[in-house]
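Quick notes on the structure that follows.
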Amino acid sequence: MTQYTVEEMMKAFAKDAVEFGQEYDKNLDYSEDSVKEIDNILEMVHRSLPIDFKTKIVNPGPSEQKLATISKIYGAYIGEVIQKHYGGKWSIEMNTIIFTMGETKLFLPAKVYQRIKNGSEENVWYYYQLLKQDFEESGV
């Protein structure tokens, strides 16, 4: 059985994001602007979630396992965009996937999961813009 590094695994997840993005007619090219497209995809996933118990009976929406997979895929993509433009690396600490930039630890799959569950208040495009500003100010 082949053992993959966390870097290899996250690159593979990001490639999956590119493929799945095509299903939403989104061209994900690892540009910074493509993170905006990720946020649009996540909004569609968010809207597929049931809003109350009555709705959940009729349409249960994606399972928690599927939401976790979507979170890893799109979190990986955002991390790969950051890595392409600013550097950084992936790691796993205490069973949690982390993207590290210098001393800063980003929990990108968790951020994507929050975006799906909580909606636009967790906008990943806006989050990316804040990160970008921090990276540029710190000279990363």
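FYI, it's all coordinate maths here, none of it is from the lab. Everything quoted here is computed from the prediction, not taken from an experiment. With ideal geometry, Cβ positions are generated from the backbone for all residues, glycine too; neighbour counts draw on all protein chains shown.
Shape class for the stretch 63-140: oblate, because the ratio a/c of the largest to smallest gyration tensor axis (alpha-carbon atoms, square roots of eigenvalues) is 1.5 or more and b/c is at least a/b.
Between the Cα long axis of helix 108-118 and the first principal axis of the chain there is an angle of about 30°, rounded to the nearest 10.
Can you tell me which of I41, I98, I51 moves the most in a GNM of the chain? Springs connect C-alpha atoms under 10 Å apart. With Cα springs under 10 Å in the chain, the top fluctuation among I41, I98, I51 is at I51.
For the stretch 6-138, a crude dipole built from +1 on the beta carbon of Lys and Arg and -1 on the beta carbon of Asp and Glu, taken about the Cα centre, is about 480 debye to the nearest 20. The P(r) of the stretch 2-104 has a tail past 22 Å containing 37 percent of all C-alpha pairs. Placing +1 on the Cβ of every Lys and Arg and -1 on the Cβ of every Asp and Glu, with nothing else charged, gives the stretch 72-138 a dipole about its Cα centre of roughly 280 debye. With contributions of -39500 (n - 2.57) from each DSSP H run of at least four residues, the per-residue ellipticity at 222 nm computed over the chain stands at -20000 deg cm²/dmol.
By the rule of a C-alpha distance below 15 Å, with chain neighbours fewer than 8 residues away ignored, the aspartates and glutamates paired with K66 are D16. Roughly what angle does helix 6-23 make with the longest principal axis of the chain, taking Cα atoms, 0 to 90 degrees, to the nearest 10? Once rounded, one gets 50 degrees.
Positive end of the dipole of the chain (Cβ unit charges, origin at the Cα centre): among Q129, N40, T96, the Cα lying farthest that way belongs to T96.
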